[in-house]
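Participant: I have a structure here, written as structure tokens, and I will follow up with some questions on it.
The values are calculated or read from the model by the stated rules, or taken from the named source; none is laboratory data. In this text the structure is predicted, and so the values were computed from the model without any measurement. Every residue, glycine as well, gets a Cβ built from its backbone with ideal geometry; the counts of neighbours run over all protein chains shown. Each accessible area value is taken on the protein alone, full model and side chains, heavy atoms only, with ligands, DNA and RNA left out. Shrake-Rupley method; radii C 1.70, N 1.55, O 1.52, S 1.80 Å.
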Amino acid sequence: MTSSGHARTAAIAIGTATATVLGALLMGGSGEVSASPPPEPKVQDAFDSLGPEVHAAKLSDGRTAHYSDTGNKDGKPVLFIGGTGTSARASHMTDFFRTTREDLGLRLISVERNGFGDTDFDKNLGKADFAKDALEVLDGLGVDDVSVIAISGGGPYAAELAARAPERISQLHLAAALPPYGTKPAYCGLSDDALAAAVKDQIKDPRKWWAFPDDSPVKSIPGFADTAYEEGARTYNQRGQQADPAPQVHEQKLYCGRPGPDLSGLDAPVYLYGGKKDATVPPATLKTWQDALPGEERVRTYADSGHDVQYRHWDQILVDLAGHGDRTVVCKGDKTRVLIAREADRLVAKGKAELGSCAWAKK
């Protein structure tokens, strides 16, 4: 036998002996296997959230309001007013930073507007009716003072609310928000039929209504696009209305009313957010808001954003809503920091940090 043959024979013998010893260790005196069973699988004791639930509330005039209420009920209440063509569940589109919102102790409440989602359409209702409805819902929830964050087409409704009950607004945040002041939108000269023809194809297909440019930062958020499409489908089809354009036309015509409400009674911190690439609500509208507001506003503008600034910098908006407006969210190295503003500005200016959570850098 060759030397390699001897080696193989020895290896087999050693392997057999090892198996025999191992078998003896595993076998009890009865010859049965006595190894411990694998660890018990773990199943959670509570459900994970699938997003905000929509509730119904009877209003004093007999109508029904629909609203969502998500977050710790003992948290700081925030009224979320979504853009045009959104339902009471639109706040779910910001859940990509839900952990941060919960850590900051923020409670998001959203009241649905006329004709969208679960809410019946009434052509006789206007922006003042929404303000009344929202205050009734807040009363029912036991909420007195509230911070407000309005996005895009939610701006005119936020102004109406601030004018109606300025004493109940603890903070006002306007992100790429359309102002009900200054020049009217170009479509205001169209008839209702012409405007309906202009929007009907968009609202039939949520992929068109919620289409963001290819270079939009929201493209890096897992599941964002599909969540937006689901929101669009809910807004225009929830009650079987099959994308009837009437509520959308009605809302857009409400934006044509000028001048907007008097905000001189508002005595609360105001934050304005704008994207320098925004062609829908251009940066110049920030000045329009400033002219209508009574005090000094904190203005945050971002070169990296268009009409998606409310999502790209939702992390900063959350920090501001929580009362930390003197701090700035930055990514330094591979860690997100919330630094005193002057320190953050210094690091960003030197190229040692970027604005926003490090999640944006992980594209």
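Participant: Can you give me the long-range amide H partners of residue 241? Hydrogens built in the peptide plane at 1.01 Å from N, cutoff under 5 Å, separation of 5 or more residues or another chain.
Facilitator: Close amide H contacts, sequence-distant or interchain: none at all.
Participant: Where does helix 192-204 land angle-wise versus the long Cα axis of the chain, in degrees 0 to 90, nearest 10?
Facilitator: With both axes taken from Cα atoms, the answer is about 0 degrees.
Participant: Report, in whole Å, the centroid distance computed from the Cα atoms of the stretch 68-126 and the stretch 293-355.
Facilitator: Their Cα centres are 23 Å away from one another.
Participant: Right, another one. How many nm separate the modelled label positions at residue 183 and residue 47, each set 7 Å beyond the Cα in the direction of the Cβ?
Facilitator: 4.9 nm
Participant: Report the paramagnetic label zone for residue 123: residues of the stretch 236-275 whose backbone N is under 16 Å from a point 7 Å from Cα along the Cα-to-Cβ axis.
Facilitator: 244-254
Participant: Now for a separate question. Out of the DSSP beta bridges found with both residues in the chain, what percent are antiparallel (nearest 5)?
Facilitator: Within the chain, antiparallel bridges account for around 45 percent of the total.
Participant: Taking all protein chains as present, what is the carbon and sulfur share of the accessible area of the stretch 319-363, in % to the nearest whole number, probe 1.4 Å?
Facilitator: Working: 1280 of 2690 Å².
On the stretch 319-363, the fraction of accessible area on carbon and sulfur atoms equals 47 percent.
Participant: With point charges of +1 on the Cβ of Lys and Arg and -1 on the Cβ of Asp and Glu, referenced to the Cα centre of the chain, which listed residue (351, 294, 266) lies farthest in the positive direction of the dipole?
Facilitator: Highest projection toward the positive end goes to 351.
Participant: Could you report the chain's accessible area per residue, 1.4 Å probe, as an integer in Å²?
Facilitator: 51 Å²
Participant: Where a ≥ b ≥ c are the square roots of the eigenvalues of the C-alpha gyration tensor, would you call the stretch 217-328 rounded, which needs a/c under 1.5, or, failing that, prolate if a/b is larger than b/c, or oblate?
Facilitator: Oblate shape, in that a/c is at least 1.5 and b/c is the bigger or equal ratio.
Participant: How do 198-206, 174-182, 43-51 rank on mean C-beta neighbours within 10 Å, highest first?
Facilitator: 174-182, 198-206, 43-51
Participant: Another question, if that's okay. Assuming a ≥ b ≥ c are the square roots of the Cα gyration tensor eigenvalues, decide whether the stretch 58-116 counts as rounded (a/c under 1.5), prolate (otherwise, with a/b larger than b/c) or oblate. Don't skip to the answer; put the middle values down first.
Facilitator: Details: a/c = 3.40, a/b = 1.61, b/c = 2.12.
Taking the square roots of the gyration eigenvalues as a ≥ b ≥ c, the stretch 58-116 is oblate.
Participant: Give the carbon-plus-sulfur fraction of the accessible surface of the stretch 217-262 in %, rounded to a whole number; probe 1.4 Å, heavy atoms of protein chains only.
Facilitator: That fraction is 49 percent.
Participant: In terms of the Cα gyration tensor, with a ≥ b ≥ c the square roots of its eigenvalues, is the stretch 312-363 rounded because a/c is under 1.5, prolate because a/b exceeds b/c, or oblate?
Facilitator: Cα axes put the stretch 312-363 in the oblate bin.
Participant: Separate question: Here are some pairs, 184/287; 253/276; 76/335; which of them have Cα atoms lying more than 22 Å apart in this structure? Kindly include the intermediate steps, with their values, before the conclusion.
Facilitator: Working: 184/287 15 Å; 253/276 26 Å; 76/335 26 Å.
Correct reply: 253/276; 76/335.
Participant: Could you sort 164, 239 by accessible area so the largest value comes first, with the probe set to 1.4 Å?
Facilitator: The residues order as 164, 239, largest area first.
Participant: Can I ask one more? Could you give me the ³J(HN,Hα) list for the stretch 258-273, computed from phi with Karplus coefficients 6.51, -1.76, 1.60 and θ = phi - 60°, whole Hz, x at Gly and Pro?
Facilitator: Using θ = phi - 60°, the values come out as 9, x, x, x, 6, 9, 5, x, 6, 10, 8, x, 10, 10, 10, 10 Hz.
Participant: Give a residue-ordered list of calculated ³J(HN,Hα) values for the stretch 236-243 (Karplus: 6.51 cos²θ - 1.76 cosθ + 1.60, θ = phi - 60°; whole Hz; x for Gly, Pro).
Facilitator: Each residue's phi maps through the Karplus curve to give 9, 9, 4, 9, x, 7, 6, 6 Hz.
Participant: While we're here: Which residues' amide hydrogens lie under 5 Å from the amide hydrogen of residue 305, considering only partners 5 or more residues apart or on another chain, with H built in the peptide plane?
Facilitator: Answer set, sorted by chain and number: 276, 277.
Participant: Add -39500 (n - 2.57) for each DSSP H run of 4 or more in the chain, then divide by its residues: what number comes out at 222 nm, to the nearest 500 deg cm²/dmol?
Facilitator: Working: 12 runs with 123 residues, N = 363.
Mean residue ellipticity at 222 nm (helix-derived): -10000 deg cm²/dmol.
Participant: Using a simple spin-label model with points 7 Å from Cα along the Cα→Cβ vector, what separation in nm is obtained for residue 74 and residue 192?
Facilitator: Simple spin-label model gives 5.0 nm for this pair.
Participant: Right, something else. What list of ³J(HN,Hα) values in whole Hz, one per residue of the stretch 328-335 in order, does the Karplus curve 6.51 cos²θ - 1.76 cosθ + 1.60 (θ = phi - 60°) give from phi, with Gly and Pro shown as x?
Facilitator: Using θ = phi - 60°, the values come out as 10, 7, 9, 9, 10, x, 10, 10 Hz.
Participant: Pairs of Cα atoms under 8 Å, at least six residues apart: use those to get the relative contact order of the chain, whole percent.
Facilitator: 15 percent
Participant: Would you work out what percent of the accessible area of the stretch 139-209, with all protein chains in place, is carbon or sulfur (probe 1.4 Å)?
Facilitator: Carbon with sulfur: 47 percent of the solvent-accessible area.
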